[in-house]
Amino acid sequence: MSDVADISAAISPLLDEKFGKLPATIQSVLSQLTSQAHRLTEVEDRVSTLEDGFHPLQAQLEKQDLIIQGLTEKLDDLENRSRRNNLRVIGLPESVKGQALSEWAADWLPSQLGYGDSSRPVAVERVHRVGPDLNPRAGRPRPVIMRAASLFL
């Protein structure tokens, strides 16, 4: 038994040295684990707060998308309706430009439609040519787009 006692006496200081550091190491790991748990709780709280704020914003965004879609459709409809009242005249010489084009439209339209009542003159809202200026020798003239406001009132 003296061999066992000798071995135990020799190993005991080594084991005490090694196991003596174990509580400090466990305490360090426990401290780090507690710190990580605290940080994880903070992250979960922040994510929860962000998610709570996100849902109303998502609903508001969906509502605004519907409004934008409706307004886009309405704008398209209004643009299409505004084009319905336009008249396109083809073949008017390119020499008629600017103010002369407006005067021509105000005189020509009533005469072509048999609208000879001079007490109600035609108000031309807009009149313009389509496309870029052409070379006079290029061939046919550009179309004229016009809209008369008081023709059918």
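The values are calculated or read from the model by the stated rules, or taken from the named source; none is laboratory data. Since we're looking at a predicted model, the values are computed, not measured. Backbone-built Cβ (ideal geometry, glycine too); neighbour counts: all protein chains shown.
Against the criterion of being assigned to a helix (DSSP H, G or I) and more than 30 Å from VAL130 (Cα to Cα), SER48 qualifies. The set of residues in segment 111-132 being at pLDDT 75 or above and either within 43 Å of the chain's Cα centre (by Cα) or crowded, with 17+ Cβ neighbours inside 10 Å (or both) consists of VAL124, GLU125, ARG126, VAL127, HIS128, ARG129, VAL130, GLY131, PRO132. Restricting segment 53-92 to residues that are surrounded by fewer than 10 Cβ atoms within 10 Å (Cβ to Cβ) and among the basic types (Lys, Arg), the residue that is farthest from GLN112 (Cα to Cα) is ARG81.
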